[in-house]
Amino acid sequence: MSNSAFQNVIVPPMDEYNQRLVSYVHPPDWVNPQPSDRYDLVVIGAGTAGLVVAAGAAGLGLGLKVALIEKHLMGGDCLNVGCVPSKCIIRSSRVVGEMREAEAFGISPPEQINVNFSAVMERMRKLRAGISHHDSAQRFQNLGIDVFLGSGRFLHNNSIEVGGKTLKYKKAVIATGARAVRPSIEGIEEAGFLTNETVFSLTERPQRLAVIGGGPIGCELAQAFSRLGCQVILFHKHSHLLDKEDADAAEIVQNAFIREGIHLVLNSQIERVKKTPEGKTIDFIANGTKQSIIVDEILVGAGRAPNVEGLNLEAVGVEYDRRGVKVNDYLQTTNPKIYAAGDICMNWKFTHAADAAARIVIKNTLFSPFGLGRSKLSSLVMPWCTYTDPEIAHVGMYEHEAQSQGINVNTIEIPMSSVDRAIADEETEGFVKIHHKKGSDEILGATIVARHAGEMISEVTTAIVNKVGLNGLSSVIHPYPTQAEGIKKAADAYRRTLLTPTSKKILGLLAKFS
């Protein structure tokens, strides 16, 4: 076998932008290097977790020998089929949403909003290609990392085989991520379907689109494609969308979907899919009634499966199951020389979670042997956001989680309709909801529903991480007017609960004579 990467990768459509993408993240002329005698660290998988581990280890200035293996596209899901392309499309779809709402701002929108679907997708490919050099094979080689393109598999003697070469290691990291679950629905394989891994290759708009799954991926893409001109029918097996989120928050998004004309089929079970001359027929049961609908495309956004195949984990005593590689709180597998990070082993399947986990792995693999302490996954305070419109962002505990742990909770809720900037923006649908320990200002968790909730949640996350309570947040001056003032209003509401009857009377008198 030659030294060159043995698998050329095609990302359809292979226009100038996808050709540029591939030239960075899986260059067809790449030549794998000759392995070092022994690596301090070998990382399998060049998604977010793998890239951060490799770059962090190589950048310590300790002269460590680091190898990075990737069988497909460097940058992983986030760059290629996840965060980057989805947010590009969501941004285009938000323009449509804003145009539809223009009348409320005294602006007459056009009678017909013409969406150039192919141009929207081309914009996404252009922006993705423009970002891709950050994750390129050449950049990581320039960082002093030996980059191997090909499938890596563990061997018995602390070594990994890739492309006919053997890499010996002191420590190894599994960061192979996860993929979209293939649904077990009769006939769907024959009929054909899309996932997040293929939907961004579309160049023509499907007129009728079925989305299976009412979780974050399904909801984000359902709303985006609906605004871009698809007739969307969204199937979900539960009684309401985003059922793992705060119920009040999920209801706001669900009502927004209904207003926008997305057809929701809740409490549904899809029985079979058939390909017919008219399109793809979906037979389903909803609320006990059998029904059928015909669509042009089916997008499946219902779950993730870990990429454990082909790694030969049994050879090195690394245990795994259908949820992924088993790790302890230090992200160490059942083989003490092998760690894991990212979607392959974590319930948090977010890019920022993979980044945070990678930093734990760097510390625990390279520093803890020198007595510098170990970091725990359980110590992380993890925010997340679902990028619907409005967005739902959350951090910390939900109220029911705190109660299940025997913690008495008080909840403060500030409607966005009481926030001046939200009123000015005509974005009053939503709230800031903060849970704190009863009798204390300690923040346990928060949910924010707002047009830019993802930008707002970090203030609460910072407060939790640094043990700043509601008293501290109340003293933070916010620029006026901003929607983040809803957070300060929540903190001020807590402060008011501390007032005694006497102090309230004094303040009332002061207000009267001021």
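The values are calculated or read from the model by the stated rules, or taken from the named source; none is laboratory data. Just so it is clear, the structure is predicted and the values come from calculations on it, not from any experiment. Here the Cβ is made from the backbone with ideal geometry for all residues, glycine too, and neighbour counts use every protein chain on show.
In the set (1) polar (S, T, N, Q); (2) part of a loop (DSSP other than H, G, I, E, B); (3) over 16 Å from Cys385 (Cβ atoms), the condition left unmet by Gln483 is number (3).
For His263, state whether it is of a type outside the set (Phe, Trp, Tyr) and either exposed (fewer than 14 other Cβ atoms within 10 Å of the Cβ) or farther than 18 Å from Pro390 by Cβ (or both). The answer is yes for His263.
Each row is one residue, and each column tells you yes or no for (1) in contact (Cβ under 8 Å) with a residue 60 or more places away in the chain; (2) outside any strand (DSSP E or B); (3) in the same structural domain as Lys275 (by TED's automatic domain parsing); (4) out of contact with any helix residue (DSSP H, G or I) (no Cβ under 8 Å at 6 or more places or on another chain).
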residue: Ser292; (1), (2), (3), (4): no, no, yes, yes
residue: Ile298; (1), (2), (3), (4): yes, no, yes, no
residue: Glu309; (1), (2), (3), (4): no, yes, no, yes
residue: Val318; (1), (2), (3), (4): yes, yes, no, yes
residue: His352; (1), (2), (3), (4): no, yes, no, yes
residue: Asp355; (1), (2), (3), (4): yes, yes, no, no
residue: Ser368; (1), (2), (3), (4): no, yes, no, yes
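Would the stretch 326-349 turn up any residue that is more than 22 Å from Val66 (Cβ to Cβ) and not in a loop (DSSP other than H, G, I, E, B)? No, the stretch 326-349 contains no residue that is more than 22 Å from Val66 (Cβ to Cβ) and not in a loop (DSSP other than H, G, I, E, B). Criterion applied to Ser118, Ser92 was being modelled with pLDDT of 95 or more, out of contact with any strand residue (DSSP E or B) (no Cβ under 9 Å at 6 or more places or on another chain), surrounded by 17 or more Cβ atoms within 10 Å (Cβ to Cβ) and closer than 23 Å to Gly301 by Cα, and the one residue passing it is Ser92. The single condition among (1) closer than 16 Å to Ser136 by Cβ; (2) of a type in the set (Ser, Thr, Tyr); (3) touching a Leu at 6+ places or on another chain (Cβ under 9 Å) that Ser23 does not satisfy is (3). I need the full set of residues from the stretch 64-75 which are aliphatic (A, V, I, L, M) and buried (at least 24 other Cβ atoms within 10 Å of the Cβ), in order please. Once the filter is applied, which keeps residues that are aliphatic (A, V, I, L, M) and buried (at least 24 other Cβ atoms within 10 Å of the Cβ), the stretch 64-75 yields Val66, Ala67, Leu68, Ile69, Met74. The conditions of being in a helix (DSSP H, G or I) and more than 30 Å from Thr365 (Cβ to Cβ) are met by Glu122. Determine, yes or no, whether Ala172 is in contact with a strand residue (DSSP E or B) (Cβ under 7 Å, 6 or more places away or on another chain), farther than 30 Å from Leu331 by Cα and not β-branched (Val, Ile, Thr). No, not satisfied. Applying a threshold of 8 Å to beta carbon distances and a minimum spacing of six or more residues, or different chains, the list of pairs starting in the stretch 237-248 at a residue that is within 21 Å of Gln269 (Cα to Cα) and hydroxyl-bearing (Ser, Thr, Tyr) and ending at one that is surrounded by fewer than 15 Cβ atoms within 10 Å (Cβ to Cβ) and modelled with pLDDT of 95 or more reads Ser239/Asn267. Is at least one residue of the stretch 42-63 touching a helix residue (DSSP H, G or I) at 6+ places or on another chain (Cβ under 6 Å), buried (at least 18 other Cβ atoms within 10 Å of the Cβ) and outside any helix (DSSP H, G or I)? Yes, the stretch 42-63 contains at least one residue that is touching a helix residue (DSSP H, G or I) at 6+ places or on another chain (Cβ under 6 Å), buried (at least 18 other Cβ atoms within 10 Å of the Cβ) and outside any helix (DSSP H, G or I). Of the strands (runs of 3 or more DSSP E) lying entirely inside the stretch 148-219, the ones with 1 or more residues being crowded, with 18+ Cβ neighbours inside 10 Å and modelled with pLDDT under 95 are found at 178-180. Filtering the stretch 133-156 to residues that are among the polar types (S, T, N, Q) and out of contact with any Gly (no Cβ under 9 Å at 6 or more places or on another chain) leaves Gln138, Gln141, Asn142. Looking at the structure I just gave you, is Ser93 within 25 Å of the chain's Cα centre (by Cα) and closer than 28 Å to Ser118 by Cβ? So Ser93 fits the description; yes. For Glu16, the test of being surrounded by 22 or more Cβ atoms within 10 Å (Cβ to Cβ) and charged (D, E, K, R) is failed.
Per-residue answers, yes or no, for (1) in contact (Cβ under 8 Å) with a residue 40 or more places away in the chain; (2) under 24 Å from the mean Cα position of the chain (by Cα); (3) not assigned by TED's automatic domain parsing to the domain that holds Gly47:
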{"site": "Ile113", "(1), (2), (3)": "no, no, yes"}
{"site": "Asn116", "(1), (2), (3)": "no, no, yes"}
{"site": "Ala119", "(1), (2), (3)": "no, no, yes"}
{"site": "Arg128", "(1), (2), (3)": "yes, yes, yes"}
{"site": "Asn142", "(1), (2), (3)": "no, no, no"}
{"site": "Ile145", "(1), (2), (3)": "yes, no, no"}
{"site": "Phe148", "(1), (2), (3)": "yes, no, no"}
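Would you check if there is a residue in the stretch 482-499 being at pLDDT below 95, β-branched (Val, Ile, Thr) and more than 24 Å from Arg94 (Cβ to Cβ)? Yes, the conditions are met somewhere in the stretch 482-499. Whenever a residue of the stretch 325-338 is of a type in the set (Lys, Arg), its partners that are part of a loop (DSSP other than H, G, I, E, B), lying with C-beta atoms within less than 9 angstrom and at least six residues away or across chains, give the pairs Lys326/Val318; Lys326/Glu319; Lys326/Thr333; Lys326/Thr334; Lys326/Cys345; Lys337/Asn158.
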